[in-house]
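Enquirer: Sharing a structure here in structure tokens format.
The values are calculated or read from the model by the stated rules, or taken from the named source; none is laboratory data. These figures come from a predicted structure and were not determined experimentally. Cβ placement follows ideal geometry from the backbone for every residue including glycine, while neighbour counts extend to all protein chains displayed.
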Amino acid sequence: MNHPAPTPWKVAVTHEPTRRAAPPEPVHDGPRYPFDHHAEGFAHDPWSTYRELRERCPVAWSDRYDDGFWVVSRYADVQAVAMDDAGFSSDREVVLPATRVGRIIPLNADPPDLTRYRHLLNPWFARPAIERLETEILAFTTQRIDAFIETGRCDLVTDLANPVPAMTTLALIGLPVEEWHAFAEPIHRSSYHRAGHPERDAATVAIGGLRGRMRDELAARRRAPREDLLTGLVRAEAEGTIDAQEAEDLAVMVLIGGVDTTMAALSSAFLRIQRDPALRERLIGEPALLGPAIEELLRVDPPVQGFARTVTRGCVVGGQAMAAGETLFMLWGAANRDPEAFPDPDAVRVDRSPNRHLTFGIGGHRCLGATLARAEMRIVLTEVLRRLPDFAIDEAGVELPDTIGIVNGIVREPATFTPGPRIGA
């Protein structure tokens, strides 16, 4: 049996009364740790760093990036911060250092705006809407596998894990699915390179172009409505629920969130399955295990490793005093492997229950696309295990990103398998 859920969050964080005065100069008497998620080599093994943080200084001050930030690594503390929107504001770039891709809402929003945005988007990500999308997800998966199955070789990322979530996201938004690469490529480049890298800079410019495309598409829906998410945003704008800029920002958030994170989750899942023959055999022989297996794969390798918040008033987190105005970085990846919350945390245990991982966040900012991501993973993994059951990844050819400051995934994953027949039209 697993341990019960950690101590309720209200015990882990205490706040001083809100003050209007300027925040005091930080003293930072607590532990210091040079945490840098963009450091050379970190992407190859973040887990040992997370383990050291949890054991030595679960709440520590890092002087990296701008004025420095607090890094929080234990499950109970991360959960506490994530559930306290009043004490820890999301009205900022949640990535460190800032990406400069513009405001992304509802990710960069606090209540009551957060509530307003989520209420508007919820119908598009509710279970009935996702169930209607599943036929398209399966069609996209079949199309992509058909394109390479007769050759006996593919790249599981560039040929499958990348295009399927991108095509699904474009279908939901109301954009041509055949343009998936033009939308996905700059988003991935932005995620996989650290600030200052030429590829990251070029990607930032390209994402600005995608914003322009969203602006144009929203204008087109005002002239000629369709049955898509963009039209839904235009209708909300006409009703006065949001303004034109908010419609654009929401569309960009759906695009970036849908294209990047599920791709990363799938790429990590393929490698985990490759390295665990017993798990592969169980999933092939007992398809009903795929649901809980996906939760474990998401826990062990969360596609988003952490998000930042701004401390709004003096508080204590995990025994460390923090001042208003300071930055705090929550490590989902470290929390998901906290042995206080998950016994034997580094192991993939299909029977783990309960499995209250924080991969999709918790509280008001819990990921809107969680149900969609699970559906995409279930459909893609089902088809891979059915049609490419003996896939073998060439680990010498696996390419990891320069950094996992935003998304933790794999760039390239060449594989071979026994060729099979096409099944699509």
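Enquirer: Residue under question is residue 308, and the condition is that it be modelled with pLDDT of 95 or more, of a type in the set (Gly, Ala, Ser) and within 17 Å of the chain's Cα centre (by Cα); does it hold?
Expert: no
Enquirer: Within segment 47-68, work out how many residues are in a helix (DSSP H, G or I) and over 14 Å from residue 306 (Cβ atoms).
Expert: Number of matching residues: 5.
Enquirer: Would you check if there is a residue in segment 8-19 being assigned to a loop (DSSP other than H, G, I, E, B), modelled with pLDDT of 85 or more and more than 28 Å from residue 343 (Cα to Cα)? Give the derivation first.
Expert: Initially, segment 8-19 is screened for residues assigned to a loop (DSSP other than H, G, I, E, B), giving 8, 16-19.
Narrowing further to those that are modelled with pLDDT of 85 or more: none.
No, the conditions are met nowhere in segment 8-19.
Enquirer: Another question, then. Within the set of pairs 6+ apart or on separate chains, which have a first residue in segment 172-189 that is over 12 Å from residue 162 (Cα atoms), a second that is crowded, with 18+ Cβ neighbours inside 10 Å and of a type in the set (Ser, Thr, Tyr), and C-beta atoms under 8 Å apart?
Expert: Final answer for the pair search is 174/231.
Enquirer: State the number of residues belonging to segment 69-96 that are outside any helix (DSSP H, G or I) and in contact with a His (Cβ under 8 Å, 6 or more places away or on another chain).
Expert: Within segment 69-96, the subset outside any helix (DSSP H, G or I) is 69-74, 83-96.
Now narrow it down to the ones that are in contact with a His (Cβ under 8 Å, 6 or more places away or on another chain): 85, 87, 90, 96.
Qualifying residue count for the region: 4.
Enquirer: Another question about this same structure. Restricting to segment 31-53, count the residues that are out of contact with any Phe, Trp or Tyr (no Cβ under 7 Å at 6 or more places or on another chain) and of a type in the set (Lys, Arg).
Expert: Qualifying residue count, segment 31-53: 1.
Enquirer: Separate question: Being touching a strand residue (DSSP E or B) at 6+ places or on another chain (Cβ under 9 Å), at pLDDT below 95 and among the acidic types (Asp, Glu) is the filter here; which residues of segment 32-83 pass it?
Expert: Hits for segment 32-83 are 36, 63, 66, 67.
Enquirer: So for segment 284-294 (the condition being in a loop (DSSP other than H, G, I, E, B) and either surrounded by fewer than 16 Cβ atoms within 10 Å (Cβ to Cβ) or in contact with a Cys (Cβ under 8 Å, 6 or more places away or on another chain) (or both)), does at least one residue qualify?
Expert: yes
Enquirer: Does residue 220 fit the bill of being surrounded by fewer than 21 Cβ atoms within 10 Å (Cβ to Cβ), at pLDDT 95 or above, at negative phi and assigned to a helix (DSSP H, G or I)?
Expert: Yes, satisfied.
Enquirer: Taking into account only those residues within segment 139-178 that are assigned to a helix (DSSP H, G or I), of a type in the set (S, T, N, Q) and more than 22 Å from the chain's Cα centre (by Cα), which is surrounded by the most Cβ atoms within 10 Å (Cβ to Cβ)?
Expert: That would be 142.
Enquirer: Consider residue 310 carefully, then state whether it is more than 28 Å from residue 165 (Cβ to Cβ) and among the hydroxyl-bearing types (Ser, Thr, Tyr).
Expert: Here the answer is yes, as residue 310 does meet what is asked.
Enquirer: Name the single residue that is farthest from residue 132 (Cα to Cα) among those in segment 227-253 being in contact with an Asp or Glu (Cβ under 7 Å, 6 or more places away or on another chain) and either among the polar types (S, T, N, Q) or in a helix (DSSP H, G or I) (or both).
Expert: Step one: list which residues in segment 227-253 are in contact with an Asp or Glu (Cβ under 7 Å, 6 or more places away or on another chain), which gives 230, 237, 243-244, 247.
Among the residues that remain, those that are also either among the polar types (S, T, N, Q) or in a helix (DSSP H, G or I) (or both) are: 230, 237, 244, 247.
Working: 230: 17, 237: 25, 244: 28, 247: 24 Å.
Going through the qualifying residues, I end up with 244.
Enquirer: Output yes when any residue across segment 202-212 is at pLDDT 85 or above and surrounded by 15 or more Cβ atoms within 10 Å (Cβ to Cβ), and no when none is.
Expert: Going residue by residue through segment 202-212, those that are at pLDDT 85 or above are 209-212.
With surrounded by 15 or more Cβ atoms within 10 Å (Cβ to Cβ) added as a condition, the list becomes 210-211.
Within segment 202-212, one or more residues are at pLDDT 85 or above and surrounded by 15 or more Cβ atoms within 10 Å (Cβ to Cβ).
Enquirer: Take the residues in segment 56-103 that are among the small types (Gly, Ala, Ser) and buried (at least 24 other Cβ atoms within 10 Å of the Cβ), then tell me which one is nearest to the chain's Cα centre (by Cα).
Expert: Step by step, filter segment 56-103, then rank; the result is 82.
Enquirer: Select, from 254, 259, 234, the only residue that is of a type outside the set (Gly, Ala, Ser), farther than 29 Å from residue 407 by Cβ and out of contact with any Gly (no Cβ under 6 Å at 6 or more places or on another chain).
Expert: When all the criteria are applied, what remains is 234.
Enquirer: Shifting gears a bit: Cβ-Cβ distance below 6 Å, separation of 6 or more or different chains: which pairs start in segment 396-411 with a residue that is without any contact (Cβ under 8 Å) to a residue 24 or more places away in the chain and surrounded by fewer than 23 Cβ atoms within 10 Å (Cβ to Cβ) and end on one that is of a type in the set (D, E, K, R) and outside any loop (DSSP other than H, G, I, E, B)?
Expert: 399/412
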